[in-house]
Structures are given as structure tokens and as C-alpha cells.
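The values are calculated or read from the model by the stated rules, or taken from the named source; none is laboratory data. In this text the structure is predicted, and so the values were computed from the model without any measurement. Heads up, the Cβs are rebuilt from the backbone with ideal geometry, glycines too, and the neighbour counts pull from every protein chain shown. Accessible surface is based on the protein model in full, side chains and every heavy atom, while ligands, DNA and RNA are left aside. Shrake-Rupley method; radii C 1.70, N 1.55, O 1.52, S 1.80 Å.
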Amino acid sequence: MLNNGGPRYKRSELERQMNLDVIWCVLILFVLCIIGAVGCKLWLSSYDVVPFIPFASDPIYEGMLGFWTFVIILQVMIPLSLYVTIEMAKLIQVYHIHNDVHLYDPDTNKRIECRALNIPEELGQVQYVFSDKTGTLTENKMIFRRCTIAGVDYNHPPPENAQNMKLQPGTPMPILVNPRLREELSLLEPNSLTENGTRRELRFNSHPQRLQEFLLLLAVCNTVVVARHPHHDMMNASGVIELVPTVFENHSGTPMSSSRSRGDIRNSKQTVPIPSKTVDKYSRLSESRSVTPSPPPSHFQAQTSDPLSGYSGGKKPEFPHQPVLSPINSSAETTPTADSPPFPKLLKNAIRPKLLNVPSLLMASVKKPPGNGNNSIPNRSTTPSPCELKPIYEAESPDELALIDAAYSYNCRLVKRTPQYATVALPGEGVLEFEILQILPFDSSRKSMSVLLKHPVTNEKILYCKGADSTILAQLAPTDDVIMQQLIFRTQQHLNSYARQGLRVLVMAKRTVSDHEYSDWLRRHEEAELSLDNRDRRIRESYSRLETNLTLLGATGIEDRLQDGVPETISALISAGIMVWVLTGDKPETAINVAYSARLFSPQMELLKLSARSKDAAESAILFYLADIQRETPLEGGSQPPRPVVSPGLNQVGVFARASTPGDVHPQMIPRSNKKRALVVDGKTLTYILDRRSNLQKPFLDLTRYCSSVLCCRATPLQKAYIVRVVKEQLKMRTLAIGDGANDVSMIQTADVGIGISGQEGMQAVMASDYALSRFKYLERLLLVHGHWCYDRLSRMVLYFFYKNATFVFLIFWFQLYCGFSGSVMIDQMYLMLYNLLFTSLPPIAIGVYDQDVPEEILLARPSLYRQGRLGSVYKPHSFWITVADALYQSIVIFFISEAAYHDTDVGIWDFGTTVTTSCMFVMLFHVAIETRSWTIIHILSILASIVAFYIFTIVYNTVCLECLGLPNNYQVIQQTMGSLVYWLVVGLSVPMALLPRFVWRCVETCLFPRDVTRAVLDKRRATHRGEDFLVSWSRSTSTSSIFRRREQLLEENVKELVMLQQNFHKAKRNLL
């Protein structure tokens, strides 16, 4: 309960503005009631004997009663039904977003998951996007590309067809073994021979030993679980436990004997050749298990007896190992499977059980390759031993999986792992069982992970450590050895080279711990674990004490490729005026390289770097950059730093985009320079900036306003969340955070809109998010299309709701001028109750759900149209008062036209009220027609249904209801009124007169002052009217559109063909001469 932070409820900016306007409605209602009460008192005071009111007492007392009477009859002014309608509209909007086929990922069989139902309009008002890098912008499929061991660089190029390889989620890219590294490792083999047949005596050479120790670190310094079968969850992505057949059932559903299964497994461990009868038994066993077997021994191992020997026949080696990352999601489509031998046709149709499966014994029937006995190993069983079976590695992260896969490729295999022991098969050493003394898990403060082992031969206690270069290199033991210094220097050079290539780097180191040091550390560590105060901090300090005086072994470079569509998506977001920040824990050089690849940075940008090691240095760098920029970009209107900046180079939130229109310019200071800048800041500098005592937050945020993009490197999860909160609270900007891992949860929850990527790092980010996507590229459509639509629809729906309620209330208020402010109402009570519930309920939903101001192809082609929602131009604070003023005018027209038509007549109060109500209904529905942007059958039916429902109810109610619910008698009122010509003339005159100002303003706005959205739609219509053979193209990099006729293209192609024919003719002529 102490960790429970309470329920999270996010409220959109539109909803906050709507709540404020509802308060204004309450104040307007209060003012009307005060006027009515005062009018009632004054009217009664003007008579000595009040006519028509036999029980009238003191006028002041009657005025007080009249106040509450007006509260009751004018309560429609408070749009309580608006909250019900807006929730219904949001629910239907979310339904359509969830079922958008363009947001479905066929590779993972996942679609968008809308976990928050109350903020779809916030998707259209995002100003800042904060994104994680690994797993969000990248595939999170780690490829082991390079490693440096003892100062020697070993390259591992990707496969030739890596781009076209379709690997299932969790399966790493196969590794091409480096020939040089394999040759050097072969020196460790006791029976290794040179080309002339002499025995090598170099197996104890120091460099091969370092190679082996480096690979050993890759194999054991992790939390990998070794399995012989793939992991399957019984619970699917919706939290439903699926009913699956049990493990010990064959494909026909017959239970399998457990004793027989155990016997088969025991027989599989024997080293004698298996008779054919036994093989048949194993074949039957294999048919009774899952269609997803344990991976067989690699083809690379089957070709040669020595796994580290040269290529067979000079051919390229096959990929030796493809371990599987355990899927965290539970959908059957995303469950990884390893390569397996062909199965019987009957087995392919079997139901795959999702419980633990028995180990695969299919390789028991593998035949020996043809050839003489010299080509095979004597006395070798056709059944592989457990060490030879390729295990399935289930890792917490793809990084660990890539590292252990690399170690396996060089025959350093993690065979078995328990909480106390790790069994490793080493080249030249055989199978060794290491005792695990301690595991020092990774945390964002230390940025390292270690494991303390006891060597089974030497009984030494060895600490193997891996982590960020900034952490490991700082903890290296000081040395005067020139060779070790050169090794460290070359390793640093390799690390910088890896980072410039965009690789994720990890540094590997070791330390030999004496018995005395270990016992002393263990005692102090147990005290830290038992402490009650600052337990986590004391445990981290205990880990750090052990991770000192390290000896450098080497480093690795792992490639994590960008997802498809990431550069285009980021470019579109920047063109839409959204400021994009990438927050990552990677090395700055790596992050910068990825930023250029993802189009977060462009070569034309000036790169500003903040990398300080003290508070004063950080402050000096920030102030220096600010002063330099302000000298280059003098400000108009003062010396204060600008609010969101707009110019032909920088748009409203400081992001470079196309030239903005005057309506997009902020009234405050505007830079005159078009120079583009990008900011890079590391985690250490962020520590000083985010400290409130340093007073650097405001200068830092001022600096970011001058930059097009921001890249934060070496950022911790708490720093990510704090950055989002600072921008959200101090800049008053609407933020969106997107990530895929548990370290992004704080950032996702802090932002106004949190989006989780359902990747390979668990479901924590998804569970904490408002929306879950399978790919980053879908963010473009989610924001630019659905976000734009949701904001525009709900904004116009809310304003329409205020308008129709205010108009109805003002009609009732005007009647009080003719009844002495007595509180009498000329409209039947049933009409008052059903006005919002039945008569005008469908058109707002049609606007709020199905109306489209711009088609989706235009929104995707012109990302700058997103500015409408980002600036909140549809629903501004003054929009409410314009709507109320329009409602006031229309109510005057409707009421007083009816009053003038029936002036000095004996018309009844209900006849007059019915005429006013009918005029109001038609005005409301024609108003919807003016505000509708795209006509569909739904819009037409909603309007027609409202009119039909009004007349059907009115006719039935006035026909059959004589004294219903104790209400006054309206018998045959609508029939008599409709039979009068005045009724139709009043309705026909009231509608155009009431809507004339709004209609004229819409025409003037569209023709003379069109908005960007209107201009885009008109441009498309003009292009369509010119001809159907137009090709409209849009360049997002320059944000300029170009329209070409297909005839012109065909003409250009014909000219090119003529030129080529002429050139070929001249060449042939010269050849003949």
C-alpha cells in the first residue's frame, strides 16, 4: 500500500478548456437568474394589486422564489448531457482507431491497443515528443558486429542477405565467424597441428588465453536461462489463459506413459549406438511431442569434428548458432521457434502444446555422413550428448542474447546454469563447472553488471564485469605497465570507432578477488542488505566497492538497426512542428550516428554539445551558447528569450519546417536567423541541469527553443521522466513519451500521452501506456491523421453543444419579458426534457465521430496541417464567447420573428411555443449542415432522423396524451399549428435570417482568409478538376508540393527515348564507318 501512488487520470487540454467554459455557463445562468429575479420584483412592485396572481406576497420574497424558478427552467444552459455525449464520441473514436487496418503489423500480428479512452483528442495537440532509442527507434535485434580483445580488433560483417532475412521476434542475426579469431583460438586445442604436422606448443600463449577468458565472460556474465525447449506462455496478450493439451499427449490425444518417457530420456544419454528398434521408439516419441522441438546441433558443427577448425572445403561456413530470446508477449504468432529437421506430415497438423516439452531426441536418428572411417570419429554415438545439443537461451535483453550467441559461435558454450553453478564448455579445456558466488545485477546508476565465480581448477574467485565505457574504464586498476597502457589506449580508439559507426559498445573487465577481500566484502554486503535506511543506495555502494581495480579484457560493438519507416516518421513529425527529443542511455557518438540515420539531425545543422563535469562548466557552456545565438539572432520586442519560435526556418515550437503563415507567429520575440541547430547533452550534464539548486533549468530550456532537435545521451530512467516533467510544467507544453522497456515507464506516465512499444523488453511499457503500438512508424498516422481528426471533431462538437443549449435557454429568457418574469414557459415540459436527449442528440455525435475536415492522404502528404491542433486553433478561449454571441443573435431572430408574426393575435401560448421550438430545431440542424466538412450517409441520416423524431413525437404526444404526467394539456396543438400558413412562413424566414451571419462569415473565410486545412482541400479539388491524370507528389524534406500532368511526363519520356535512339543511331553509324 505504501507503493501505491493512487489511480492515474489524464485530462486533455480540450477537456480542461471545456470545464472552464462550463463554469462560464454556470455564471451566465446565475446572471440570467439574477436578472429574472430582479425583473420579477420590479414587475410586482409596479402594481398595488398584482393581477393574475392571487397569492402574491411581498415582491422581494417573490423575487427570491423567482430566482430558484429560473434556475430550474434555465438549467439547460449547463450542458450536463455534453459529458455523456463526449464520452460516447471518444469511445467510438477509440474503436475506429483500434480497428484501423493501417495500424496493423502483420509481422507481429498486432494492432494498436488503446488503453486510455479519455484522451484521443490529445493526440492532435502534441507539441513535444520524447522517444527512447533502443527498441523504440531501433529493431532491438542485436547483431554482434565487432569486438576488441587485448587491443586487437575482430570484425564480424553481417550476412550478405541480412536485409532480406525474415527472422522471428527474439531470434538474433546469425554470426559469421572471424577466421583470424578462430585460428588464434585453435591454438588452445591440445591436438592442434600446424600445416607440416608438428604439434603447436603455443596453446598457453597469453593472447589465446585472453581470448578464451573474454569469451568466457560473454558466456557467464549474464542472467541467461539455458533451456532445451522454447518457452510458451499459457496466458495470451489479453490476459486469458488458453486451454492447451497437456505435454504427455500425442497428436491423437492419447496420453503418453510417463515411465516410457523417462526411459526414453535415459536412453538418450547413452553413448552406445542406438539400435533401429530404439530409433523407432524415439521416432514415436518425437511424434508425440510439440511441433516446436529443441534446436538440433548446428550444421556448422556437423561438417567438421573440430568446431574451431577451418572452413570445410573452402566454402563459407554456415551460421553456427541461432539462439532464441524468450518471448515476453504471449501471442502464438510471436513465439519464436528454432530451426528443426523436417517432421512427418501428420505431426505438422498436430496441436502445439504450450507447456514444457520434453527435450528433442530427433537427432537420434540422424545418419552418419557417407565416407570411410577416417572421415568420422570412431566410437561416436549417433545420439548427441547434452553438451552437443544446441540449447535455447532465454535472456532478459537482446544484448545478452547477442553476446552469448557470439561466445557459442566460437565453441565457448554455456551448457547449463543453475542459481549456484554455471557449466561451460571451453575450447581446449572441456566442460567446466563454475560456482556462482554472487551476481551483481545491472542498475542505471552503476551502468554495469558483474558475476563472481569460483574457478573449478584453480579455485580462484574471479569477478567478471561488463558495462558502459564511462563506468568500466574509470574503475580500471592503475598500472605502470606500458603494454597494458597501450592496450587500454587501443581499446579506447576502437570504442570511439565503434561509436562513430553507430554500434552499442560494452566494455569487459575482470578482477581476481582474494579470500580475505571476498569475506570482508561479503560481511559488509550482508549488513547493507539487512539495513533499513537507504538500503538500495548502500547495496549499490557495496557493488561499486567490489567493481574496482579491474583488468581490461576487451569490448564489443553490437549493431541495433533502425526500424523500417523511422526516418520518414521523424521527418514528418518535425515537419508537423513537433519538437522531437531522443533520450537514450547510449554513448554520445553512437547516439549521434543514429540521430543522423533517423533524420533527427541533418548535415546542415550546427551541432551544440553540452558535456560538462561540473556545475560551473555546465552553466558556462549554456550561457556561452545562448549569448552566441542571441548575437546571431537579435530579437524583436525585448531582450527576453523567445517563447515558441516561428520563422521561415523555425516553426512554432522551435522545430525547423517550412515558412509559417502570419497566423502561426507568436506575438513575442522572433529570431531573424534561419540557422538550424541541434543540441546534444550527456547524462552527467543533465545531472547538474536538472538540479533545482543549480538554477540551470530555465537557461537550458531557453537554449533548446533555438534548436530543432535535442539528443540526451547516457540518460537514466529518472532523468528521462524529470526532463518530461520540466518541459511539461515550465514550458506549459503538451508532451508525448514513447518507449518500449521498463526503464521508460516513468517517462511514459509523466507525459500527457504515453505510448508503449510492444517489443522484446517486456510488457511494462505497454501496461503503463495510454496507447500501445507495435512499430514506431505507426506514430505518424496516429498523430497526423487520427490525432488531427479527433481534436477537430471534438472541438467542433463541444462548441456546437454550447451553441444549441445557449440558444434554447435564451429563447425561454426572452419570453419572460412578456410574462412579467413570472417563470412561465411557452415550451412544453416534454420538449424541454427531450431537446438534448432525442431531438438534437444525433448530429453532435455525427460531427464528433465521422466528420473529416481533411482526407487522410492530404494529412499524410502535408504534415504541416498538424499545426491546427498543435496550436489549438479550432477551440480557443474566445471561441466560447463567439459561440455564445452567435447563439444570442439567433435566439433573438427566432423569438422576435415569431413574436412579430403573432403580434396582436389570439394565438395560444402552446401554439406560439410550438412555432418557436420548430424554428429552433430547423436552425440547429441547418447550423450542423454549415459546420459539416464531409458529407456521408451518417450525417444525412442523423439530420433527417432528428427532424422525423421531432415531428413523430410531437404528433403522437399531442394526439394521444390528454393529461400525461400531470402536465398541461397540449391536445391537437401541433396539428392546428401546422395547418396555419403563418407557422411555415415563420419557420422559413427564421432559418435563413438566423444563419445568415455564420454562412456569410464561412464564405468570406473560405474565399479571402482560408486556413491551411481549407487551402489544402481546395488545392486538391482544383487539381482534381483539371483532370484525372494528375500526379500529386509531396517532398517532405523541403515541404514543397509539385503537381505534374501525366501528359507532360509521357512527353518527357518520349523525348528521352528519341534522344537515346538518336545516340544509338550515331554510334551505329560510327561503327559502320
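Condition test on M993, is it over 57 Å from the mean Cα position of the chain (by Cα), among the aliphatic types (A, V, I, L, M) and open to solvent by 30 Å² or more (accessible area, probe 1.4 Å)?
It is false that M993 is over 57 Å from the mean Cα position of the chain (by Cα), among the aliphatic types (A, V, I, L, M) and open to solvent by 30 Å² or more (accessible area, probe 1.4 Å).
Checking the structure you have, find out if any residue of segment 527-537 is assigned by the TED database to the domain that holds R692, of a type outside the set (S, T, N, Q) and open to solvent by less than 10 Å² (accessible area, probe 1.4 Å).
no
For a quick check of your reading of the model, give me the residue pairs whose first member lies in segment 1001-1023 and is assigned by the TED database to the domain that holds E856 and more than 23 Å from A861 (Cβ to Cβ), whose second is surrounded by fewer than 14 Cβ atoms within 10 Å (Cβ to Cβ) and not aromatic (F, W, Y), with beta-carbon atoms closer than 8 Å and at least 6 apart or on different chains.
From residues that are assigned by the TED database to the domain that holds E856 and more than 23 Å from A861 (Cβ to Cβ), the pairs are R1002/I930.
Considering only segment 445-452, I want to know if a residue exists there that is modelled with pLDDT under 90, within 39 Å of the chain's Cα centre (by Cα), buried (at least 16 other Cβ atoms within 10 Å of the Cβ) and in the same structural domain as A425 (by the TED database).
Going residue by residue through segment 445-452, those that are modelled with pLDDT under 90 are 445-447.
Next cut, within 39 Å of the chain's Cα centre (by Cα) only: 445-447.
With buried (at least 16 other Cβ atoms within 10 Å of the Cβ) added as a condition, the list becomes 446-447.
Filter once more, keeping what is in the same structural domain as A425 (by the TED database): 446-447.
Yes, there is a match, as at least one residue in segment 445-452 is modelled with pLDDT under 90, within 39 Å of the chain's Cα centre (by Cα), buried (at least 16 other Cβ atoms within 10 Å of the Cβ) and in the same structural domain as A425 (by the TED database).
Any residue in segment 472-497 that's under 23 Å from S445 (Cα atoms) and touching a residue at least 12 places away in the same chain (Cβ under 8 Å): show its pairings with residues that are open to solvent by 30 Å² or more (accessible area, probe 1.4 Å) and of a type in the set (A, V, I, L, M) at Cβ separation under 7 Å, as long as the two are six or more apart or on different chains.
Final answer for the pair search is L476/I488.
Within the group F130, F70, which residue is within 48 Å of the chain's Cα centre (by Cα) and open to solvent by less than 30 Å² (accessible area, probe 1.4 Å)? Walk me through it before giving the result.
Numbers: F70 fails: within 48 Å of the chain's Cα centre (by Cα).
On inspection, the qualifying residue turns out to be F130.
For segment 590-618, which residues satisfy the criterion of being open to solvent by less than 10 Å² (accessible area, probe 1.4 Å), closer than 16 Å to L679 by Cβ and part of a helix (DSSP H, G or I)?
Taking segment 590-618 as the starting set, the residues that turn out to be open to solvent by less than 10 Å² (accessible area, probe 1.4 Å) are 590-591, 595, 598, 600-601, 608, 610, 612, 618.
Keeping just the survivors that are closer than 16 Å to L679 by Cβ gives 591, 595, 598, 600-601, 608, 610, 612, 618.
Within segment 590-618, A591, A595, A618 qualify.
Would you confirm whether or not segment 418-429 contains a residue that is of a type in the set (D, E, K, R), modelled with pLDDT under 85 and over 19 Å from D560 (Cα atoms)? Please lay out each step first, then the result.
Keep residues of segment 418-429 that are of a type in the set (D, E, K, R), which gives 429.
Imposing the further condition that a residue be modelled with pLDDT under 85 reduces the set to 429.
Narrowing the set further to residues that are over 19 Å from D560 (Cα atoms) leaves 429.
Within segment 418-429, one or more residues are of a type in the set (D, E, K, R), modelled with pLDDT under 85 and over 19 Å from D560 (Cα atoms).
Which of the following residues is modelled with pLDDT of 95 or more, over 30 Å from S45 (Cβ atoms) and not β-branched (V, I, T): G787, G762? Walk me through it before giving the result.
Numbers: G762 fails: modelled with pLDDT of 95 or more.
Just a single option satisfies the conditions, and that option is G787.
Could you run through segment 923-942 and say how many residues are part of a helix (DSSP H, G or I) and either at positive phi or buried (at least 19 other Cβ atoms within 10 Å of the Cβ) (or both)? Outline the logic, then answer.
Step one: of segment 923-942, the residues part of a helix (DSSP H, G or I) are 923-931, 937-942.
Adding the requirement that they be either at positive phi or buried (at least 19 other Cβ atoms within 10 Å of the Cβ) (or both) leaves 923-925, 927-928, 939, 942.
Qualifying residue count, segment 923-942: 7.
Could you tell me whether segment 900-908 includes any residue that is part of a helix (DSSP H, G or I), in contact with a helix residue (DSSP H, G or I) (Cβ under 8 Å, 6 or more places away or on another chain), crowded, with 21+ Cβ neighbours inside 10 Å and in the same structural domain as W935 (by the TED database)?
Taking segment 900-908 as the starting set, the residues that turn out to be part of a helix (DSSP H, G or I) are 900-901.
From what's left, in contact with a helix residue (DSSP H, G or I) (Cβ under 8 Å, 6 or more places away or on another chain): 901.
From what's left, crowded, with 21+ Cβ neighbours inside 10 Å: none.
Checked segment 900-908: no residue is part of a helix (DSSP H, G or I), in contact with a helix residue (DSSP H, G or I) (Cβ under 8 Å, 6 or more places away or on another chain), crowded, with 21+ Cβ neighbours inside 10 Å and in the same structural domain as W935 (by the TED database).
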